[in-house]
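These notes concern the structure reproduced below.
The values are calculated or read from the model by the stated rules, or taken from the named source; none is laboratory data. None of these values were measured; they are calculated from a predicted model. Note that we place each Cβ from the backbone using ideal geometry, even for glycine, and neighbour counts take in every protein chain shown.
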Amino acid sequence: MAGGMVNRVKQTDYIVDAITHTARTEKHEEVWRVTIGDKTFELIQVSQHLFSIRNGASQSLAAVIRHKDTYFVDVDSVLYEVRQATDIAVSGSHGDHSGEKDKIFAPMPGKVVKILVSVGDEIVEKQPLVIVEAMKMENQINARARGRVKTIHFNAGDQVGTDLPIIELDVVE
Amino acid sequence: MALFKKILVANRSEIAVRVMNACRTLGIPTVAVYSDADVKSKHRFWADESVHIGPSSPRESYLDIDKIIRAARTTGCDAIHPGYGFLSENPIFAQKCRDEKITFICPSPEAIKLLGNKVESRMKMSSAGVPLIPGMKTSSPDLAVYRKVADEAGYPVIIKAAAGGGGKGMRVVHSARELEEAVSAARREALNAFGDDSVYVEKYLVNPRHIEFQILADSHGNAMHLFERECSIQRRHQKIIEETPSTALTPELRKKMGETAVTVAKTAGYTNAGTVEFLLDESGHFYFLEVNTRLQVEHPITEAVTGVDLVVEQIQIAAGLPISESTRTATQRGHAIECRIYAEDGENNFFPSSGTILYYHEPSGPGIRVDSGIWTGSEITIDYDPIMAKVIVHAPTRELAIAKMREALNAYKVLGVRNAKKFMIDILAHPEFAEGRTFTSFIETHFANRAENATRAGDLAVAATAVFGEHQTAIFGGAGSTELPTPWETLGSWQVGWSIG
């Protein structure tokens, strides 16, 4: 790539899996070079949403699309949700409750089949809390932290959406 | 002269599209039916005509026999293909089609009815010499009966509650010494759980494999099989990875099981395509389970290794033609694997996922086939089975097929809902899978403590995002498009030239 014209250099912070990565992006002719920490990746755009990434001696195909303020990414069949760091401060909730370990949501609209715990119960991480039926299948929702059941907002047989928590916990960190 | 004037496809999603493709090959126009939830679905637009048949609830649309018959009548269809699921194994629907003089591209109502009754069909097959899992048919007050059956079946055996399910009243017994106590314990548990202490004993299969045989039979008395499919890799008791040939079958065992499958077809007076399911235990004994009287989800792997178009055969057989000459002489060539792409979270207990497909891209290349019911903009709703597509690969050897599948899954992209591609890639990479040691509880056994986090590479995702963001800024001068692209913007396929030279 020696002698290539550098169009532009830009630095942006992105957050994925709760980790902030600073990406330094520059373009040499048709090849993008992205430096994150001590690694440099070479990327070429295959089509509007597809990118071939060279990472040292290995190659990956990535797909990216933006919806609202989230970038949905597939690299080597692993799925990521990436946000620009500046977007996060101003954005509200978009049905992504992944940060709230004290609230148990249905991941999709469905029907509560069974509540497996009672108010006051001590619970451990990964303990099954509630079974929700959607798409002809019963799905078990587990605790993501240790704690105690604070409130239960729904009963067996109730329809639930994804906006209100089914169960709230007092989390023990 | 075409075999039929027009065929109505009484199904949705990938299988409806698959059937329509076969009709197109044969020069037969197609009619799709669709519910409210499927107004924008791919299968609706893949057909030459489409008929709206009601609300999203399957009961009021895809399962409504009268509406489907009416749709066939008003569009001038003389045949109906049911796909799999929905009405495909419904003898009342088959009979109704016959009464209306519409050809139902499936077996006769009589065969569907016989094989749909699991108890009756097993007894009939047993008297034709087809092996069943040895055991009692009903409960007995006499412990001696349990002893005798257990001794005949050979240990280990399992005690099951007649009223049962969910593991209640179930006991695995490894020796005759433990039998009496196990029967009493199972009775108590069954009484508590179901209010009925009836229990029976049958042979317990250790790490069984699910092996099925594709059968074809025509109205001229020809019945044959098209070899096996191994479907042992399952989650939630539903198959996700299938392959053929099975690593467990020797040529002798394949011949024996294949002949048994043909015996089943003949005993049932079967016509058209079907699947005979067996369990195979570790010592090479196989037991008849049931017949699926329809096309299977995993039929493409059989098509890959035999070169037969099963849906074309189904249509020809339904029109009264004999099984094609080329099909009758088909052999197994190479190895094929199918991975099912469901809208589900592979990293969260295969929890179903719903939403809009924001971006969709299929891999291509020699030996890669994708059967899909979605495209960019499709909605995955909670009304139906969340299968989106199937990726099928064919290669000269199993090892090459596994490698090809890994590449195909990595190049298959669907964004907007979750999927289990990564989980399936990890299964394919497991040393026990490589050795061909698959069985129905493979996932529970080898992936109980799966931790995906170890393989996450957020920096790669950020690198792609950064370039995408820069590119969007360069084109649109803003922070990037927030609108969904239309299918026309994203359907085009890339084929070559994506590696950096």
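Would you mind telling me which numbered condition in (1) within 30 Å of B:Thr327 (Cβ to Cβ); (2) in contact (Cβ under 8 Å) with a residue 40 or more places away in the chain; (3) not in a strand (DSSP E or B) B:Gly221 fails?
Going through the list (1) within 30 Å of B:Thr327 (Cβ to Cβ); (2) in contact (Cβ under 8 Å) with a residue 40 or more places away in the chain; (3) not in a strand (DSSP E or B), B:Gly221 breaks only (2).
For region B:204-226, give me each residue that is under 16 Å from the mean Cα position of the chain (by Cα) and of a type outside the set (S, T, N, Q).
Of all residues in region B:204-226, those under 16 Å from the mean Cα position of the chain (by Cα) come to B:209-215.
Result: B:Arg209, B:His210, B:Ile211, B:Glu212, B:Phe213, B:Ile215.
Mind telling me which of the residues B:Glu338, B:Glu379, B:Glu399 ends up being charged (D, E, K, R) and at pLDDT below 95? It would help to see each step written out before you state the result.
Numbers: B:Glu338 fails: at pLDDT below 95; B:Glu399 fails: at pLDDT below 95.
Unique residue meeting the criteria: B:Glu379.
This table checks each residue for (1) more than 14 Å from chain A (Cβ to nearest Cβ); (2) in a loop (DSSP other than H, G, I, E, B).
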| residue | (1), (2) |
| --- | --- |
| B:Pro366 | yes, yes |
| B:Lys390 | yes, no |
| B:Leu409 | no, no |
| B:Val414 | no, no |
| B:Leu428 | no, no |
| B:Thr440 | yes, yes |
| B:Glu444 | yes, no |
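Working only within region A:114-128, note down all residues that are within 19 Å of B:Phe351 (Cα to Cα) and either charged (D, E, K, R) or within 13 Å of chain B (Cβ to nearest Cβ) (or both). First the steps, then the outcome.
Taking region A:114-128 first, the residues within 19 Å of B:Phe351 (Cα to Cα) are A:114-116, A:125-128.
Across region A:114-128, the qualifying residues are A:Lys114, A:Glu125, A:Lys126, A:Pro128.
Checking B:Ile92 against (1) more than 21 Å from B:Tyr200 (Cα to Cα); (2) buried (at least 16 other Cβ atoms within 10 Å of the Cβ); (3) out of contact with any Ser or Thr (no Cβ under 8 Å at 6 or more places or on another chain); (4) not acidic (Asp, Glu): exactly one of these is not met. Which one?
Result: B:Ile92 fails condition (2) only.
Tell me which of these B:Trp375 doesn't satisfy, since it passes every other one: (1) within 13 Å of chain A (Cβ to nearest Cβ); (2) on the phi < 0 side of the Ramachandran plot.
Tallying (1) within 13 Å of chain A (Cβ to nearest Cβ); (2) on the phi < 0 side of the Ramachandran plot, B:Trp375 fails exactly one: (1).
State the number of residues belonging to region A:41-71 that are more than 7 Å from every other protein chain (Cβ to nearest Cβ) and part of a strand (DSSP E or B).
The number of residues fulfilling the criteria is 2.
Filter region B:95-110 down to the residues that are surrounded by 15 or more Cβ atoms within 10 Å (Cβ to Cβ), at pLDDT 95 or above and part of a helix (DSSP H, G or I) and list them by number.
B:Gln95, B:Lys96, B:Cys97
Is it fair to say B:Glu444 is modelled with pLDDT under 95 and among the acidic types (Asp, Glu)?
Yes, satisfied.
Tell me, which strands (runs of 3 or more DSSP E) lie completely within region B:146-213 with 3 or more residues that are in contact (Cβ under 8 Å) with a residue 60 or more places away in the chain?
Working: elements: B:157-161, B:171-173, B:199-203.
In region B:146-213, the matching strands (runs of 3 or more DSSP E) lie at B:199-203.
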